[in-house]
Structures are given as C-alpha cells and as structure tokens.
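Peer 1: The structure follows.
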Amino acid sequence: MSLRWRGVIEAYRSYLPVSAKTPVVTLLEGNTPLIPSRTLSERIGAPAEVFLKYEGMNPTGSFKDRGMTVAISKAVEAKSVAVLCASTGNTSASASAYACRAGVRSIVLIPSGAIALGKLSQALIHGARVAAVEANFDACLALVKSLAQLYPITVVNSINPHRIEGQKTCAFEICEVLGRAPDFHATPVGNAGNITAQWKGYQEYLKEGKIRKLPILLGFQAKGAAPLVRGALVKNPHTIATAIRIGNPASWQGAIHARDESHGLIHAVTDREIIEAYRLLASKDGVFAEPASAASVAGILKLAKSGYFKAYYAKKRRRITIVCILTGHGLKDPERAIKSIRVPKSLPASLSVVAKAVGLR
Ligand code: F0G
C-alpha cells in the first residue's frame, strides 16, 4: 500500500462531481485522525467507545477544506476568476488558501469583530479581500447572495453544492477506519451544511454496500444560536462559539432530514457546557479543538447524563460506538483558551522562585 495521501478528490473521485478535465486544487486535505477518547468513553453511562474525528488537522485547521478542494477545483474548471463567501471565520480561511493556490481572487465578508483572530489572520495572509461588515453572519450571507447576482463570482459557501459533496468524505473516512458506521455521529451545527453533507456520505456508503447500517445523527447548536432546536429563526444569535453564531441556517432542510431520517436529534448546549467540554478535551485527552467543535462533546455528555445512551444500550446489549466531530483546531482561537484559564505571572529568573511557582518543593 502506498502511504502517499493525495487529498479527498483523488481518494474519493468516483463519489465526487469531477472528471478528467477538472483541475484538482488540493492541499492534501482529509485523512484526519479518529482518536479514541478514554475520558469520554468512561462518561457515557453505558459500555461505549467514543472517538474524536479531529478535523482541526486539515491543512487550514478545519473541515471546510474537504468542501473547498471540490468547490475551488470546480470554480477553476468553470473559468471563474474570483470566489466569494460570507464566514464566521473558517470558511474564509479555507477559501482564501485554496483560491490563492489556484490563482483566483477571493473575497470574504465577515461579521466585524466577531471572528476568532487566527481565522482572520489566515484570510489576510492568503491575500483575500476582506470586508468586515457591521452585521452578523446571516446578514453577510444575504449580501453575498446579492453580490453574486450582480457580479460574475462563484459563491463558495455551503449553498454551493460542491462544498457538500466534498464534506461528505468525512463520513467515508469514519466508516473506513471503523469498518462500519458508528452507532452515533455527533456534530456541531451552525449553517447546517456539514450535518447535511455527513448524512449524504453515510447514505451513499449504504447504497454502495460499503456499510450495512446508518448511524443516528446527533446535532448540537449553541443555546443562544439554536434556530433548528427552536424551530424558528434567531434574529440576534449569541454564543462564545463564534463559528456557530448563526440564526438562519442555509441548509435548514438538510439538517432536519438528517435528524429525522436517522432517528436522531438536534439539541442545544449552553456556552458553559461548551467551555467545560472544551477544557475537558484539552486537559484529559490532549486534543485542542475550538469552542464550536466542543459542542459535539458537550452534547453527548449532556445526553449521557440524561440516560440517553443507557437506554440505547438496554435495548441493544452491545458496546456503543460514538464519533464526535471536532470541526476546527483550538489554535484558531487562542484568546478563548487564555480567557478560560489562569495565565501565569512573569517571574524573576531565580531557581527557588521558579521551582516554588511550578509546584516543585
Ligand atoms: N464548527 C466550526 C469550527 C465551524 O467553523 C462551523 C461553521 C461549524 C462547526 C458548523 O458547520 O455551518 O456546516 O453547520 N463555520 C462556517 C464558517 C459557518 O463560515 O466558517 P455548518
């Protein structure tokens, strides 16, 4: 077996809308680790094995790269000279990286002052034209749709179906590593493209006979930005998990289908639960994910407390497999890490002072 990984388009070409004529723009995204979590497995309240699909290990630090390789490759094939997106940060980071690699211009609209610093730095360093708009993500996306009507630019938000196609490969990889689909697939939900894509991936693998059973999908939104849980738009969404601060998800229907067809659920988790899960992942498992990503972990811990998995186990009587998608890297938002922990004071370079300060006696 060749160990050379060639990115998601080459790995899953027959499942993707590409032909021999499509120029492949790739940063060798995908093939991210599926890390077992002993800490979480022990907290499920029933015999279970929890895995973390660490999508922060993609080239720009989030799952967006899976969709962006397809969206940008197709944009180049269509001779597009510029791409456009609205973003809470990660889409803009990914779009600008793939666009510069392809030699096309990228334009990104972000909610002013509301995206994590790491993500902004990525869009800027990759040369995107960044407009920091005094509005939330939903309003930025509405502007993007209007701009695309007026100018010949390709939108690379997940309303572009090529994004969904690329992102479904996350489900493929999980099935390949486990040899089947997990019992439960837990994921954060914002604009709802990813849950839609993941469900599509599992369904395609079932149709192809690669798996025999579909997983139950568990989607989690932040409580202050939970339109799918409430069943109504949220006009002024708020949460510390800025990546999923969205009140009017574009793939609303896709998320509802994924939830209902999989007999799953979409629930809300509070900012406090998100931060607890974020710190637990970092301090027990050694996995640094951004706050929005920790929503999937906060969600399964909340379900575990309510006896949800115990009830499932009582019916099935076999060990449960749960996969949590960690959508983005913790380094995207270092300010949040610093805020959620006590920062060390500076000390004089003295052996006794330093030893005492770090707890050595
Ligand atoms: N997690 C992270 C880290 C994200 O950046 C996003 C979305 C999501 C989860 C939710 O995924 O929107 O497909 O439901 N970020 C988008 C952006 C909106 O602009 O970067 P979704």
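Peer 1: Describe numerically, in nm with one decimal, the distance between label points set 7 Å from Cα along Cα→Cβ at V81 and at A142.
Peer 2: 3.1
Peer 1: Report the label-to-label distance for L3 and T39 in nanometres (one decimal), using points 7 Å from each Cα along the Cα→Cβ vector.
Peer 2: 2.9
Peer 1: While we're on this one: Please name whichever of P111, A139, T32 sits farthest to the positive end of the charge dipole of region 1-145, dipole taken about the Cα centre and charges placed at Cβ: Lys and Arg +1, Asp and Glu -1.
Peer 2: After comparing all options, I get T32.
Peer 1: Return the Rg/Rh value of the chain, two decimal places, where both radii are evaluated on C-alpha atoms and Rh is the Kirkwood radius.
Peer 2: Answer for the chain: 0.99.
Peer 1: Another one. Taking 1 over the mean of 1/r across every pair of different Cα atoms in region 155-298, what Kirkwood radius in Å do you get?
Peer 2: So the Kirkwood estimate lands at 15.4 Å.
Peer 1: Also, I was wondering about something else. Report the paramagnetic label zone for R212: residues of region 167-192 whose backbone N is under 18 Å from a point 7 Å from Cα along the Cα-to-Cβ axis.
Peer 2: 175-184
Peer 1: Can you compute the charge dipole magnitude of the chain about its Cα centre, using +1 on each Lys and Arg Cβ and -1 on each Asp and Glu Cβ, nothing else charged? Give it in debye, rounded to the nearest 20.
Peer 2: I would put it at about 700 debye.
Peer 1: If you don't mind, there's one more thing I want to ask. Determine the per residue accessible area of region 194-285 with all protein chains present and a 1.4 angstrom probe, expressed in square angstrom.
Peer 2: 47
Peer 1: To continue, here is another question. Probe of 1.4 angstrom, ligands and nucleic acids ignored: what's the accessible area per residue over region 42-120, in square angstrom?
Peer 2: 28
Peer 1: Roughly speaking, what is the stretch gain from Y151 to S283, that is 0.36 nm per residue apart minus the C-alpha to C-alpha distance, in nm to one decimal?
Peer 2: Working it through step by step, the gained length comes to 42.8 nm.
Peer 1: Something else about it: At 1.306 mPa s and 10 °C, plugging the Kirkwood radius over alpha-carbon pairs of region 136-224 into Stokes-Einstein gives what diffusion coefficient in µm²/s?
Peer 2: 109
Peer 1: Can you tell me the mean projection area, over all orientations, of the convex hull of region 110-169's alpha carbons? Units nm², please.
Peer 2: 5.0
Peer 1: Once you charge only the Cβ atoms, +1 for Lys and Arg and -1 for Asp and Glu, what is the size of the charge dipole of region 10-103 about its Cα centre, to the nearest 20 debye?
Peer 2: The dipole of region 10-103 has a size of about 220 debye.
Peer 1: Could you give the length gained by full extension between R272 and E176, i.e. 0.36 nm per residue of separation minus their alpha carbon distance, to one decimal place?
Peer 2: Result: 31.1 nm gained on full extension.
Peer 1: May I pose another question? Once label points are set 7 Å from the Cα along Cα→Cβ at both S352 and E10, what is their separation, rounded to one decimal in nm?
Peer 2: 6.2
Peer 1: Let me ask something additional. Report the antiparallel proportion of the DSSP beta bridges in the chain as a percent, rounded to a multiple of 5.
Peer 2: 15
Peer 1: Can you report the principal axis dimensions of region 36-107 using only the alpha carbons, biggest first, rounded to whole angstrom?
Peer 2: Its Cα atoms span 53, 22, 16 Å along the three principal axes.
Peer 1: Between K345 and E261, what is the FRET efficiency for a Förster distance of 51 Å, r being their Cβ-Cβ separation, to the nearest 0.05?
Peer 2: Result of the calculation: an efficiency of 0.40.
Peer 1: Here is a follow-up. Where does the chain land at 222 nm, in deg cm²/dmol rounded to the nearest 500, when only DSSP H runs of n ≥ 4 count, each adding -39500 (n - 2.57), divided by all residues?
Peer 2: Counting only the DSSP helices, I get -12000 deg cm²/dmol.
Peer 1: Oh, and also: Carbon and sulfur: what percent of the chain's accessible surface (1.4 Å probe)?
Peer 2: The C+S portion of the solvent-accessible surface of the chain is 55 percent.
Peer 1: Could you tally the net charge around G127, taking each other residue with its Cβ under 12 Å from the Cβ of G127, Lys/Arg +1 and Asp/Glu -1?
Peer 2: Value of the local net charge: +3.
The values are calculated or read from the model by the stated rules, or taken from the named source; none is laboratory data. All values derive from a computational prediction rather than experimental measurement. Heads up, the Cβs are rebuilt from the backbone with ideal geometry, glycines too, and the neighbour counts pull from every protein chain shown. Just the protein is used for accessible areas: all its heavy atoms, side chains included, with ligands, DNA and RNA removed. Shrake-Rupley method; radii C 1.70, N 1.55, O 1.52, S 1.80 Å.
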